[in-house]
Structure formats: C-alpha cells, structure tokens
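The values are calculated or read from the model by the stated rules, or taken from the named source; none is laboratory data. Computed from a prediction, not measured in an experiment: that's the story for all the values here. Methodologically, a virtual Cβ is constructed for each residue, glycine included, from the backbone with ideal geometry; neighbour enumeration extends over all protein chains shown. SASA here: full protein model, heavy atoms, side chains in, ligands and nucleic acids out. Shrake-Rupley method; radii C 1.70, N 1.55, O 1.52, S 1.80 Å.
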Amino acid sequence: MHAEQHVLVVDDDPTVSEVVAGYLVRSGFSAERVPDGPSALRAAERRWPDLVVLDLMLPGVDGLRVCRELRSRGPVPVVMLTARSDEEERILGLEVGADDYVTKPFSPRELVLRVQAVLRRGARDPAVTARGAGPLRAGNLEADPAARRAVKDGCELTLTLREFDLLVHFLRHPGQVCDRERLMREVWGWEFGDLSTVTVHVRRLRAKIEDDPARPRLIQTVWGVGYRFDPEPTSDPEPTSGPDPASGPEPTSDPEPTSDPDPASGPGPVGGSRPEGAWRRA
C-alpha cells in the first residue's frame, strides 16, 4: 500500500468521520473529511481520491446521487456506509456502483481492512498473469485487462471496477460452473461476505452484455449451484424472472453476528450500537 493513497471520507456525523479518518491516517493513508455531497464533489475536483468512504444517508444530496456523479466523472472505488441493514438498501448502493458497503455501527479496524482490500484488488494488474496479457474474447465481447476496457459489438461498455473484474473472471473460465462463494473469493478477495453482492453484480453485468437480460445466453444460471459462462450458447435459455435460483432461498432476517468485537481493537463500533456482521479477509 502506497503512502500517497488518498481517501475521501464523506459523512455528516463528525464523530464518525473523525474516527474513520484517524484510523486511515494511522494505516498510512491520507484522508480528507467532508460533511455532505456538494462538498464531496468539490473536494474530488481539487484532488481526485483513490477511494471514497461514502455515507448513504447524507443531508441534501444523498450518497447514491454522489456516487453516480463521481462515477460519471471517472473510475473510483467506493465503500458505502449505511445505517440501514435491510437488503434493499444494500443492493441500492451496489447497483449504483459501490464496491463494498459497511453497516453502521462498524469497527473502524474492519473498515480499514475493507478499504485496503478494495484498493489491493483494484491495484492488481490482471494483464500480468500466467494466462497471458492479451485481450480476452468471446463472440462479440472483448475485454482488455491491461487497459481495463471492455467492448461489445465494437462499442465500449461502461462497467464498474467490480463488474469488469467479474467479466474477466468469466472470460477466463468459460464453461466452468462458479458458485457465489468462489466468485466472492476470487473476484472480491473475501473469504466470507454477503453473497447478495455477487447476485447483484451478475444481474448488472447481464444487463450490459446480454442481448436480452431476461433470457441470458452468456451467463447461465446453474440451478442451486451458481453461474456458468457459455461463450457459444447452443439452446434457448429459460427466462430469469423472480429470485435468482443460484442464490438459494431468500433471506428472512439479518444474519446473527458470529464474533464479538476485538477488545484489543480500541474503540467499539462506530456509528451506532447494533452488532456488526462478520466479514473476514481472504
């Protein structure tokens, strides 16, 4: 991790932003704190951040709009903070392009680990691998890992950082069934996490590369298992309406936390009193 990496922290709660920025600085980052959306956009104009920690529920211009505006200006990883634990809110953040999200209250140490994981994943050069550095092709699709550029029928695709990584993974593993746990490990770099993240990103990627996302031909759902990338489909697919069958049963409640806060981690959870869920780095 380079000391010059700059993180923009956007949160209207000064206690949260101060603690987050403090932990980031102690971990070798530079950090700038701003309290709202307009300030975040102005700060990004002055100095484009390497990553943004962005609160979803900002006054005035909310975090979703800020995320969309930042992404329209250029690629930047975003870790979303949300005080809401329901799946719909988490999916909203992911659908506008957030690379990860943290539910308040959260451990500041965990947030720093997630920031490092997102930046580490983005910094990896997918072109320098044993599988070759050239563009990957499948039918009318092409992805160039070195340039981080993808095209369909000669037209460039607008993909988020994680959507691009997911496409490259599928292109490198044609015909293989990949369950969501494997995709979480190999694309996100996390051993455990909310698997709905994978489901949302597959749906978003289908919307951008399939001719008919409701009847996908390239990214096939393998019932009860996961997904398979078929570069040369030979039969008409079944329509994908309702819940994704690869995701298993719909969740009925938030998962129970699997561990207590680390007593050696300093301050307790930031941003509230609700126990945090368990995430572990790969």
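Here are a few things to note about the model shown:
- Residues located in region 144-157, provided they are under 10 Å from ILE209 (Cβ atoms) and assigned to a strand (DSSP E or B): ALA150, LYS152
- The single condition among (1) under 30 Å from GLU4 (Cα atoms); (2) at pLDDT 85 or above; (3) touching a helix residue (DSSP H, G or I) at 6+ places or on another chain (Cβ under 6 Å) that LEU161 does not satisfy is (2).
- Looking only at region 48-94, and only at residues there that are modelled with pLDDT under 85 and either in a loop (DSSP other than H, G, I, E, B) or among the aromatic types (Phe, Trp, Tyr) (or both), the one that is surrounded by the fewest Cβ atoms within 10 Å (Cβ to Cβ): GLY74
- Positions within region 1-20 being open to solvent by 10 Å² or more (accessible area, probe 1.4 Å) and farther than 15 Å from GLN116 by Cβ, in sequence order: ASP12, ASP13, PRO14, THR15, GLU18, VAL19
- Among the residues of region 23-47, those identified as part of a loop (DSSP other than H, G, I, E, B), open to solvent by 20 Å² or more (accessible area, probe 1.4 Å) and under 19 Å from GLN116 (Cβ atoms) are SER27, GLY28.
- Only one entry of PRO145, PRO135 meets the criterion of being surrounded by 18 or more Cβ atoms within 10 Å (Cβ to Cβ) and either at pLDDT below 90 or over 17 Å from the mean Cα position of the chain (by Cα) (or both), and that entry is PRO145.
- Filtered residues of region 197-229 (kept if touching a residue at least 60 places away in the same chain (Cβ under 8 Å) and part of a helix (DSSP H, G or I)): THR197, VAL200, HIS201, ARG204, ILE209
This table checks each residue for (1) farther than 26 Å from SER107 by Cα; (2) at pLDDT 55 or above; (3) of a type in the set (Phe, Trp, Tyr).
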{"site": "LEU195", "(1), (2), (3)": "no, yes, no"}
{"site": "THR199", "(1), (2), (3)": "no, yes, no"}
{"site": "ARG203", "(1), (2), (3)": "yes, yes, no"}
{"site": "ARG215", "(1), (2), (3)": "yes, yes, no"}
{"site": "LEU218", "(1), (2), (3)": "yes, yes, no"}
{"site": "THR234", "(1), (2), (3)": "yes, no, no"}
{"site": "SER253", "(1), (2), (3)": "no, no, no"}
{"site": "PRO263", "(1), (2), (3)": "no, no, no"}
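- The C-beta contact set for region 49-63 (first residue at positive phi, second residue charged (D, E, K, R), distance under 6 angstrom, 6+ apart or interchain) comprises GLY60/ASP36.
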